[in-house]
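Here's the structure we're looking at; comments come further down.
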């Protein structure tokens, strides 16, 4: 798999390049409804490296899920950790969230290790949580960081 072909990974929901416009429009529609806040991620050279998103915004309970999507494997390794820290900082310090959630496919071990490096604790596994585009069933691992853990 060449860098930038992450849609070929069977355990991800990353759109192909030709479907990215549709995905961006979907996310902007969800932003308009108040349930998502997509953000562009730039690399050190100022090029677009992907996007990160507040999803499942639960304003009354001051919770949000952070989803991170990058365009290339190299960008993923460079951008994931710092971007998620900045977005988590904003959620806790500016939005006054009491918990920030991260979710990933059970078999996405790279993502799971990255989330754990952030200090997130595993809350559980949602078994048969979603049906993937290829028809396989996805088990989703749910992690969170709560406000009392955030400063550390």
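The values are calculated or read from the model by the stated rules, or taken from the named source; none is laboratory data. Every value quoted in this text rests on a predicted model; they were computed, and no experiment measured them. When we count neighbours, we look across all protein chains shown, and the Cβ atoms used for this are built from the backbone with ideal geometry, even at glycine.
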Members of the stretch 112-128 found to be in contact (Cβ under 8 Å) with a residue 24 or more places away in the chain and at negative phi, listed by number = 112, 114, 115, 116, 117, 118, 120, 121
Criterion (touching a strand residue (DSSP E or B) at 6+ places or on another chain (Cβ under 8 Å) and at pLDDT below 80) met by exactly one of 75, 17 = 75
request  = For residues that are more than 12 Å from the chain's Cα centre (by Cα) and part of a strand (DSSP E or B), scanning just the stretch 42-55, find the one that is modelled with the lowest pLDDT.
outcome  = 49
remark   = Among the residues of the stretch 129-152, the number that are under 24 Å from residue 62 (Cβ atoms), surrounded by 12 or more Cβ atoms within 10 Å (Cβ to Cβ) and without any contact (Cβ under 8 Å) to a residue 40 or more places away in the chain is 4
key: Residues that are modelled with pLDDT under 95, touching a strand residue (DSSP E or B) at 6+ places or on another chain (Cβ under 8 Å), outside any loop (DSSP other than H, G, I, E, B) and surrounded by fewer than 20 Cβ atoms within 10 Å (Cβ to Cβ), drawn from the stretch 112-128   = 112, 116
